[in-house]
Amino acid sequence: MKTFDIIVIGSGIAGLTFAFKIAPYVNRLCIITKKNADDTNTNYAQGGIAAVFGEDDSFEDHIRDTMETGRYLSHRDAVEIMVTNGPKLVRELKELGAKFEMDEKGNFKLSKEGGHSKRRIVYAGDYTGYEIEKTLLNHIKTYRNVSMLNNHFVCDLIVDENNLCQGVYVLDLESNEIEPYFSQFVVLATGGAGQVYKFTTNPIIATGDGIAMAYLANAKIGNMEFFQFHPTALYNSEKNGRSFLISEAVRGEGAFLKLKDNRQFMHKYSERKSLAPRDIVARAIDAELKLSGEDYVLLDLAPFTEKKFKERFPQIYEKCKEMNINVPYEPIPVVPAAHYSCGGIYTDTNARTSIENLYAIGEVACTGIHGANRLASNSLLEALVFADRCYQDVKEKIQTPFETTVPGFYNQPLNIPLQIQESFLSLRKKIKEIMWKKVSIVKTLKSLKEADQMINMISETFFSYESFNTVEYFELRNMIIVSKIIINSALKRKESRGLHYLVDFPEEKNEFLHDTIIQKEVL
Ligand code: SIN
């Protein structure tokens with residue numbers, strides 16, 4: 001029998017931060033990831049971490065920008081916790097070895113992004129997430145009581161009849177068998193769900209696994225109608241299911257959006273033009289593309305010299321050159337792509353979910369921070385702060401060694417026939433198309449109801465099969481569940497707020513100034 005004190009699922013900034021903090025207090029900690037430890041959304045975060053370091057900045061300014069961008073649905077108590085704990089935890093990362101850009105006086109260099117009234121983005125070139133991931137992975141390796149289990153897929157949670165989580169069921173990708181792993185606490189840090197959309201900046205692993213397994217165990221899921229579309233993914237750059245991101249920091253440093261015929265358009269949508277919050281910029285691009293019938297808009301890099309662009313955004317520079325875009329002399333063709341799930345597993349400010357001893361941190365969680373729209377670069381900060389809160393809470397409660405009280409039994413699934421595997425691939429593609437066409441930047445009641453019907457048909461086909469012992473089977477199950485939750489959350493919110501734009505109800509309404517909660521028995 002495999003028994004641990006704590007199991008962490010996912011190895012991005014949230015999971016690793018929690019793990020390294022709690023490791024000294026436990027005997028056995030296991031981190032499980034379905035691919036390699038560095039296949040995470042964190043790794044692709046280009047922009048940085050928002051935190052108050054600027055002389056002209058204040059906690060109140062950061063709180064106000066977050067609340068305003070979240071269209072006042074963000075929970076002020078959670079936002080205060082995040083903003084006020086931010087600087088201390090960013091410094092801690094630096095002390096662990098993360099090489100952020102510093103000025104000659106030893107202060108963090110600060111960048112700007114949409115929706116921020118001040119410069120407050122701490123960064124490392126255009127590879128901040130990678131730098132943090134590398135630092136945390138190096139650090140976690142120094143703990144001998146931490147096992148890192150790659151290529152293991154967590155299928156389901158073990159939750160007893162008293163709503164107490166006691167571990168997870170894990171598919172071993174070598175033996176193809178599912179085994180129970182018991183633990184006193186389970187921390188879900190599985191990241192996002194961008195793969196339910198045809199175009200996304202998320203890696204191929206982002207199939208909403210944590211949200212789906214928590215939902216199946218009857219956890220509360222919150223605010224899933226608020227899916228953020230990043231305005232500037234590189235046009236025609238899809239590789240391994242992922243579009244290449246052109247960081248918002250490029251606009252933060254002066255680049256601006258324009259149409260193919262060189263006309264600028266953002267002044268029609270916001271006083272802040274190309275640096276308006278993401279929901280506004282993505283909707284503006286969507287509207288302009290529908291008007292012009294073109295496939296992309298352009299990001300003009302006029303304020304940059306080649307040297308400055310290459311130094312500040314080395315990855316983007318290389319990628320553009322690889323695609324024969326002569327930056328900064330030529331503009332970059334960009335389109336919006338699904339980027340970040342503002343909703344997720346509903347938690348309190350200690351990262352506790354509605355299932356006892358089950359915690360959720362990072363993008364998989366809905367902590368109340370993002371409300372109706374996430375302020376750029378608040379996500380790495382949220383992950384850092386709530387991983388720390390989670391650690392403090394678990395540290396108070398942990399008893400080692402842990403012994404389970406449940407037998408833990410899973411009906412072993414079948415080997416998958418080739419023909420069914422192919423049909424699953426085509427269902428996966430269909431979901432992505434439906435979500436992109438009918439449940440994305442601009443929605444209507446009609447498009448949502450059509451999507452609901454279509455996903456229900458896919459769901460019926462899928463659940464008419466036996467269960468199979470492959471990652472593809474479980475990922476498809478999870479994508480169906482997450483798509484249904486997104487659609488049903490959107491159908492409940494008969495207004496437009498932040499990222500949720502419903503043509504039939506284009507205004508914000510006070511009666512909807514509350515979170516949308518979905519639980520298994522109500523969907
Ligand atoms: C970006 O660099 O534009 C992405 C950062 C974020 O999503 O916060």
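Since every read-out is calculated from the coordinates, none of them should be taken as a lab result. Here the structure is a predicted model, which means the values were calculated and not measured. Note: ideal-geometry Cβ built from the backbone for every residue, glycine included; neighbour counts use all protein chains shown.
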| request: Treat each spin label as a single point 7 Å out from the Cα along the C-beta direction, and report the Leu425 to Lys141 distance in nm. | output: 3.5
| field | Asp38/Glu472 FRET efficiency (R0 22 Å; Cβ-Cβ; nearest 0.05) | value | 0.50
| query | If you put +1 on each Lys and Arg Cβ and -1 on each Asp and Glu Cβ, how big is the dipole of region 300-366 around its Cα centre, in Debye rounded to 20? | reply | 220
| request: Taking trypsin sites (Lys or Arg not before Pro) as candidate sites, keep only those in a DSSP loop with at most 10 other Cβ atoms within 10 Å, then name the longest stretch of the chain containing none of them. | output: 264-523
| task | For the chain, build the charge dipole from Cβ charges (+1 Lys, Arg; -1 Asp, Glu) around the Cα centre, then report which of Tyr359, Pro180, Ile517 sits farthest towards its positive end. | result | Ile517
| said: Let's test the formula: R0 of 25 Å, r as the Cβ-Cβ distance of Arg64 and Asn510. What FRET efficiency results, to the nearest 0.05? | reply: 0.80
| request: Assign unit charges at the C-beta atoms only (+1 for Lys and Arg, -1 for Asp and Glu), then state the dipole size of region 1-135 relative to its Cα centre in Debye, rounded to the nearest 20. | output: 500
| Given a Förster distance of 22 angstrom, what is the FRET efficiency for Asp261 paired with Val442, based on the Cβ-Cβ distance and rounded to 0.05? | 0.40
| Per-residue Cβ neighbour rank within 10 angstrom, fewest leading, Thr404, Thr367 | Thr404, Thr367
| About its Cα centre, what dipole magnitude does the chain give when the only charges are +1 on Lys and Arg Cβ and -1 on Asp and Glu Cβ, stated in debye to the nearest 20? | 900
| field | Loop sites in region 385-451: chymotrypsin sites (Phe, Trp or Tyr not before Pro), DSSP, at most 16 other Cβ within 10 Å | value | Phe409, Tyr410
| request: Before rounding to the nearest 500, sum -39500 (n - 2.57) across all DSSP H runs of length at least 4 in the chain and divide by the residue total; then give [θ] at 222 nm in deg cm²/dmol. | output: -11500 deg cm²/dmol
| remark: The rounded separation in angstrom of the Cα centers of region 370-400 and region 199-271 is 22
| request: Give the dimensionless ratio obtained when the Cα radius of gyration of region 211-339 is divided by 2.2 N^0.38 Å. | output: 1.18
| query | Picking from Leu299, Ile22, Ala124, whose Cα lies most toward the positive end of the charge dipole for the chain (charges on Cβ: Lys, Arg +1; Asp, Glu -1)? | reply | Leu299
| request: Could you give the C-alpha radius of gyration of the chain expressed as a fraction of 2.2 N^0.38 Å, taking N as the number of residues it contains? | output: 0.93
